[in-house]
1. For region A:2-53, go through all pairs of different Cα atoms, get the mean of 1/r, take its inverse, and jot down that Kirkwood value in Å.
2. In nm, give the distance between the simple-model label positions of B:ALA241 and A:ASN39, each being 7 Å from the Cα along the Cα-to-Cβ direction.
3. Mind computing the radius of gyration and Dmax over the alpha-carbon atoms of the protein assembly as shown? Å is fine for both.
4. Please report, largest first and rounded to whole Å, the three semi-axes of the ellipsoid equivalent to region B:19-67, where each semi-axis is the square root of five times an eigenvalue of the C-alpha gyration tensor.
5. GNM on chain B, C-alpha springs below 10 Å: top fluctuator among B:ALA16, B:ALA295, B:ALA163?
6. Give me the lysines in straight-line cross-link reach of B:LYS189: C-alpha distance below 26 Å, same-chain residues under 8 apart excluded.
7. Give me the net charge for the shell around B:VAL307: Cβ to Cβ below 10 angstrom, other residues only, Lys and Arg +1, Asp and Glu -1.
8. With axes computed from alpha carbons, what is the tilt in degrees of helix B:289-309 against the longest principal axis of chain B, rounded to the nearest 10 within 0 to 90?
Amino acid sequence: MKVIHELCDICGTCVAVCPVDAITVSEFNVEIDNDICTNCLNCLKVCPAKAIVEGE
Amino acid sequence: MVKDRYDIVVIGAGPAGSVAARYAAENGASVLMLERDREPGIPVRCAEGVSHNGIAPFIDIDKRWIASQIDVAKLTSPNGESAFMHNNGLGYVLERRIFDTALCALAAKHGARLITKADALDLIKENDKITGVKYRYMGETREVKCDIVIAADGTESRVGRWAGINTTVALRDIDTCVQYTLAGLDLKKDTCEFYFGNEVSPGGYIWIFPKSDSTANVGIGIAGHLSHEKGPKEYLDEFVAERFPNATITYTMYGGVPTAATLKEIVRDNIMLVGDAARQVNPITGGGVVQGMIAGSIAGKVAAEAVNQGQFDAKFLKKYRKEWDKTLGNTQKVMHSMKEKFLFMTDERFNNLVSYCKKIPSDKFSLKVLFTEAVKGDPKLMLDVAKSFVVSKIKLK
Ligand SMILES: Cc1cc2nc3c(=O)[nH]c(=O)nc-3n(C[C@H](O)[C@H](O)[C@H](O)COP(=O)(O)OP(=O)(O)OC[C@H]3O[C@@H](n4cnc5c(N)ncnc54)[C@H](O)[C@@H]3O)c2cc1C
Ligand code: SF4
Ligand code: SF4
């Protein structure tokens, strides 16, 4: 999974639904660790800004 | 000077964290709050609606953080009929940027310390026991030791995960939200509006919370599992184009509200979770400010007691859980079952519900009436609803 930083609002919604804690947040950035991610697509479905896409 | 050891470290300076910090400090503990952002309360991710009775026990009402007073709620069904609710008690639309900072100032007045731009990275553990927090401050990694961590890190709720607690929210229990602050409107400043319907806002609602007679927070939350190609922004844009075609957007914000029941585990040895992090939001309204403050006050007091007695194990900290369930947690559980009935209703049921409520004199129409009618035909839930309205007389102090 990949975060499109231009669209991401750093709202944390994706983090709440990630079952494996693959998403990290800082004041200015959100990152997905694809070594942990299981491609469940939860984050992509709930992202209100449509800032998450498939792929690395 | 920031010390390298405190009795309690609170992660997150939202309403839940700052109220927890205040009550812990007031009851004798040394407390440090860590906040990732440059200032508490920003970016605002909230429609800013609260009840007077909810916040008044915690802070003296101050004009500086009140945008408008709300006396009326208007509910609109999918077919466009509206019912008005007049006797639900006084409400406010806040300026959360100022409100959250005022709560932090109150915590500071009672002796708690806050550091902004301090991003918690992980818990420090010794032989599996939580003994502190690792955080980044201005590019530098620091450590602070403590006996209790209070995780008040909001929707993300990662701190609890670091302690081994499962904080993941199911898709149907997260509301995915977009909100605009609009200017150039012509509004009744004392009326907040709610719009329901599966074509309007599936599994949630659209709100208009006026901040003045020409500006308002206008937003939407839809249930996570119902957000597909058409997400919350598409629904909200349709609504705004029709209702406020000439409005100017002065602020755009995205967010997520956990509309679940409280987590199974909100304490473990040396750690307590409060507010959105513990999933303590009202599952129907999505309101979490007052809920977080109530949870924070209970957690803060129990944490201070733990410090005074030198007992930091889950067994002792469970007092917080017990008190929370008695105060709001049990009601929240009922609300959560009711959410399934209420927010996932067919449009036809919604239309009938609003038609029914319209006939009730507006000064007799209350949330209790609304919910009781909404769960009609389900005797067990009806009884639970009735009970929850009796219990929700909140005990504080
Ligand atoms: C669109 C929307 C509309 C809403 N409308 C309303 C409403 O009208 N009324 C209402 O009552 N509620 C509303 N809510 C819910 C309300 O905003 C939350 O319930 C409330 O803010 C929860 O308070 P909290 O203290 O638990 O968390 P938050 O206010 O989210 O605070 C958490 C804090 O922790 C910080 N943090 C997170 N991780 C770290 C870390 N690792 N290190 C340091 N700091 C960290 C964050 O920066 C943040 O400041 C709404 C929510 C949304 C998204
Ligand atoms: S949900 Fe979307 S906008 Fe929010 S933090 Fe995740 S990627 Fe960014
Ligand atoms: S796809 Fe699933 S596992 Fe991967 S980051 Fe998103 S929510 Fe987490």
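Bear in mind that the values in this text are calculations on the coordinates, not laboratory data. These figures come from a predicted structure and were not determined experimentally. Please note: Cβ atoms are built from the backbone with ideal geometry, for glycine as well, and neighbour counts cover all protein chains shown.
1. Details: mean 1/r = 0.0930 Å⁻¹.
Result for region A:2-53, one decimal place: 10.7 Å.
2. About 3.5 nm separates the two model spin labels.
3. 21.2, 64
4. So the three semi-axes of region B:19-67 are 22, 18, 9 Å.
5. Checking each option, the largest mean-square fluctuation is seen for B:ALA163.
6. Those lysines meeting the cut-off are B:LYS63, B:LYS74, B:LYS211, B:LYS233, B:LYS358, B:LYS359, B:LYS364, B:LYS368.
7. Neighbourhood net charge equals -3.
8. Helix B:289-309 sits roughly 20 degrees off the main axis of chain B.
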